[in-house]
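Taken together, the values in this text are just the output of simple stated rules run on the coordinates, not laboratory data. Remember, predicted model here, so these are calculated numbers, not experimental data. Cβ atoms come from the backbone with ideal geometry, glycine included; neighbour counts cover every protein chain shown.
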Amino acid sequence: QVQLVESGGGLVQPGGSLRLSCAASGSIFGPYVMGWYRQAPGKQRELAATIANGDSTNYADPVKGRFTISRDNAKNTVYLEMNTLKPEDTAVYYCNVVTKWASYWGQGTQVTVSS
């Protein structure tokens, strides 16, 4: 069983930065995509960014140019560097790992952007 543990959320002022981390434990077989999704109050969960084994990345339009996703395969860890944060980035951020056979989710970490 794969477990994902996120960290790094918190309260930040508009224009500030945060770095989220997600460490995966357990057995992950084969190539897998790691990603970050977010869910704001009253809204559906949406993609923020993903990164494949070969480091190919994909970003949602609202975060392009401000967020950077990266991964450390040796540590089974994915990061999300968030810069120039806006109030509309406020959400619970979820880590996701997708293999050929399954999709795994973390418990989420709250990011609040407010003055």
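Tell me, what does the Kirkwood hydrodynamic radius of region 40-100 come to in angstroms if you use every pair of distinct C-alpha atoms?
12.7
Could you order peptides 78-84, 37-43, 25-31 by the average number of other Cβ atoms within 10 Å of their residues, highest first?
78-84, 37-43, 25-31
Can you tell me, using C-alpha contacts under 8 Å and at least 6 residues apart, the relative contact order of region 50-115 as a whole percent?
Rounded, it is 22 percent for region 50-115.
Where a Cα-Cα gap under 18 Å defines reach, which aspartates and glutamates qualify for residue 86, not counting those fewer than 8 residues away within the same chain?
List returned: 46, 61.
What percent do you get for the relative contact order of the chain when only Cα pairs under 8 Å and 6+ apart count?
About 37 percent, as a whole number.
What is the set of long-range amide H partners of residue 16 at a cut-off below 5 Å, with H atoms built 1.01 Å from backbone N?
85
Counting only DSSP beta bridges with both residues in the chain, what percent are antiparallel, rounded to the nearest 5?
Around 95 percent of the beta bridges assigned by DSSP in the chain are antiparallel ones.
Please report, in Å, the Rg and the Dmax of the chain, where both are computed over Cα atoms only.
Over the chain's Cα set, Rg and Dmax evaluate to 13.5, 44 Å.
How much length is gained on full extension from residue 55 to residue 1, taking 0.36 nm per residue of separation minus their Cα-Cα distance?
Numbers: separation 54, 0.36 × 54 = 19.44 nm, distance 2.42 nm.
Gain on extension, residue 55 to residue 1, equals 17.0 nm.
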